[in-house]
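The values are calculated or read from the model by the stated rules, or taken from the named source; none is laboratory data. Keep in mind it's a predicted model, so treat the numbers as computed, not measured. With ideal geometry, Cβ positions are generated from the backbone for all residues, glycine too; neighbour counts draw on all protein chains shown.
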């Protein structure tokens with residue numbers, strides 16, 4: 001594969017009236033826009049979901065890989081699927 005795995009984190013998403021919202025829409029009051037306003041006004045009806053988000057990087061210039069900021073990112077083995085073998 002041309003992509004390298006550099007980590008993952010758990011993120012909260014909200015489902016409201018068939019639409020999905022990233023957690024930033026709940027928190028970014030100035031940048032959330034109309035969708036964010038709607039979500040915040042109806043947060044008690046929103047269904048909370050937590051998903052694992054994966055981060056990948058693809059180097060267009062292969063020499064740039066050496067300049068990856070290893071304080072924040074490190075190339076790791078691809079994660080194994082939680083549902084493998086089923």
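As a summary of the residue check, residue 45 satisfies the conditions (1) surrounded by 11 or more Cβ atoms within 10 Å (Cβ to Cβ); (2) assigned to a strand (DSSP E or B) except for the one numbered (2).
The combined condition, being in contact with a strand residue (DSSP E or B) (Cβ under 8 Å, 6 or more places away or on another chain), modelled with pLDDT under 90 and surrounded by 10 or more Cβ atoms within 10 Å (Cβ to Cβ), is not fulfilled by residue 16. The criterion of being more than 16 Å from the chain's Cα centre (by Cα), in a loop (DSSP other than H, G, I, E, B), free of Cβ contacts under 8 Å to residues at least 24 places away in the same chain and loosely packed, with under 13 Cβ neighbours inside 10 Å holds for residue 82. In the stretch 19-42, the qualifying residues are those that are in a loop (DSSP other than H, G, I, E, B) and out of contact with any strand residue (DSSP E or B) (no Cβ under 7 Å at 6 or more places or on another chain), and the one that is modelled with the highest pLDDT is 28.
Among the conditions (1) within 16 Å of the chain's Cα centre (by Cα); (2) surrounded by 12 or more Cβ atoms within 10 Å (Cβ to Cβ), residue 59 misses just one, which is (1).
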